[in-house]
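Structure, as structure tokens:
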Amino acid sequence: MTKQKKASTATRSKWSAEVSKRSDAMDLQPGVFKLTSARRIAQSLKKSAEASHRRKSTPFRSAMSMLNFEINRAGKGLSAARRRVLERAKIELRAAFARHP
């Protein structure tokens, strides 16, 4: 039995950027995650998810997945203020799709 080599640090740290570039996921408005309003982020994600023909799940789940991916991708580098806006966008997204936690 042989041990597999661990992926280099450079490879591991860039996987999410590679996914963002080459993914066949739904198309988003450019700069959607840089918007300052949680409501505008949620509305943009909703519009993109509903318009997409490439998504693999419901519009709500696709939009929420994209938002969670962005939050997780930023990781510890995400400022507290920015994290609050993105977390608030989750609440707004649930409201936009009439979903309740």
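None of the figures in this text is laboratory data; all of them are computed from the coordinates on show. Note that the structure is predicted; figures quoted are calculated from it, not measured. A quick note on method: Cβ atoms are made from the backbone with ideal geometry, for glycine too, and the neighbour counts reach across all protein chains shown.
So which of Lys47/Lys90; Lys46/Lys76; Lys34/Lys56 end up more than 19 Å apart, counting from Cα to Cα?
Pairs exceeding the cut-off: Lys46/Lys76; Lys34/Lys56.
Name all residues of region 28-46 having a backbone nitrogen under 15 Å from the label point set 7 Å from the Cα of Glu87 along its Cα→Cβ direction, giving them as ranges.
Under 15 Å, as judged by backbone N against the label point of Glu87, lie 38 of region 28-46.
List residues of region 25-46, by number, whose backbone nitrogen lies under 16 Å from a label position 7 Å along Cα→C-beta of Ser79.
33-38
Relative to the compact-globule scaling 2.2 N^0.38 Å, provide the ratio for the alpha-carbon radius of gyration of region 27-101.
In units of the globular-protein estimate, region 27-101 measures up at 1.02.
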